[in-house]
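Report on one structure; see the data block that follows.
None of the figures in this text is laboratory data; all of them are computed from the coordinates on show. None of these values were measured; they are calculated from a predicted model. Note that we place each Cβ from the backbone using ideal geometry, even for glycine, and neighbour counts take in every protein chain shown.
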Amino acid sequence: MTQDGIGAPARQEPEPLPGTPAGEAASAPARKRPRPGERRVQILQTLAAMLQHPRGEKITTAALAARLEVSEAALYRHFASKAQMFEGLIEFIEQTIFGLINQITAKEEQGARQLQDIIRMLLSFADKNPGMTRVLIGEALVNEDERLQERINQLLDRIESSLKQSLRIGMTQAAWPADTDAAARASLILSAIVGRWHRYAKSGFRKSPSTDLEVMMRTLLA
């Protein structure tokens with residue numbers, strides 16, 4: 001997946017977690033030890049993959065270690081706690097989402113188009129990353145360190161601020177009336193996006209968050 005093609009919504013997809021090379025030849029000699037930093041990436045990749053299970057069982061470090069075929073002690077050489085592992089996923093989500101928002105706003109001058117592209121990107125991110133969607137809606141963080149949910153709340157606040165900024169730009173361009181309540185409209189748009197994320201996760205990842213997207217946007221941006 002690449003971060004290019006912001007003008008083509010279907011290609012607004014996040015980068016995979018960096019580190020582990022894809023498609024290595026089967027005949028490549030096995031390494032006894034991962035390269036520096038590679039094991040950390042493998043742990044995050046495996047955690048994200050385990051979060052994709054639609055039944056949503058609580059993930060333990062023992063289960064994560066078993067999936068990686070390492071000891072729990074090996075996990076703690078890279079992360080001091082499971083909370084730090086989730087923080088690593090949240091950091092990846094933040095970097096990806098806000099990197100794409102910055103690309104959209106830098107390329108598109110029209111506030112209305114910015115909003116459309118941001119909405120598409122946020123729903124596409126969830127569609128392509130079901131495990132991370134469970135992090136975004138807080139489902140995967142139940143009974144975990146409370147600071148993780150606080151960080152997700154801050155992430156959502158930042159997204160809402162970006163939506164509000166694009167709305168205000170659109171208001172100066174007559175896309176919406178000058179007396180539009182940008183804060184209330186941004187809150188409504190974010191609520192609709194988060195609602196789509198929830199439905200996707202609660203459906204066992206069967207109901208795509210991008211279903212009837214154009215109808216949704218016409219309603220939200222009218």
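Using 0.36 nm per residue of separation minus the Cα-Cα distance, give me the extension gain between Ala66 and Ala106 in nm, one decimal. Display every interim value, and only then the final one.
Numbers: separation 40, 0.36 × 40 = 14.40 nm, distance 4.39 nm.
Gain on stretching Ala66 to Ala106: 10.0 nm.
For region 82-221, please report how many Lys pairs fall under 24 Å Cα to Cα, leaving out neighbours fewer than 8 apart on the same chain. Show your work: numbers first, answer last.
On the way: Lys82/Lys128; Lys82/Lys202; Lys107/Lys128; Lys107/Lys164; Lys128/Lys202; Lys128/Lys207.
Lysine pair count for region 82-221: 6.
Tell me the Rg and the Dmax, in Å, that the Cα atoms of region 82-221 produce.
When restricted to Cα atoms, region 82-221 yields Rg and Dmax of 15.2, 48 Å.
May I ask you to derive the FRET efficiency for Ala174 and Asp212 from their Cβ-Cβ distance with R0 = 30 Å, giving the value to the nearest 0.05? Could you put the intermediate results ahead of the total?
On the way: r = 27 Å, r/R0 = 0.91.
After rounding to 0.05, the efficiency reads 0.65.
Separation of region 47-85 and region 170-222 by C-alpha centroid, Å?
34 Å
So for each of 119-126, 183-190, 212-219, 39-46 I average, over its residues, the number of other beta carbons within 10 Å; can you give me the resulting order with the highest mean first?
Order by mean packing, descending: 119-126, 39-46, 183-190, 212-219.
Please compute the length gained on full extension between Ala80 and Asp181, using 0.36 nm multiplied by the number of residues separating them and subtracting their Cα-Cα distance. Before the final figure, lay out each step's value.
Details: separation 101, 0.36 × 101 = 36.36 nm, distance 4.44 nm.
Result for the pair: 31.9 nm of gain on full extension.
Using only the alpha-carbon atoms, what does region 37-130 span along each of its principal axes? Please give whole angstrom values in decreasing order.
Computed over the Cα atoms, the extents are 52, 29, 18 Å.
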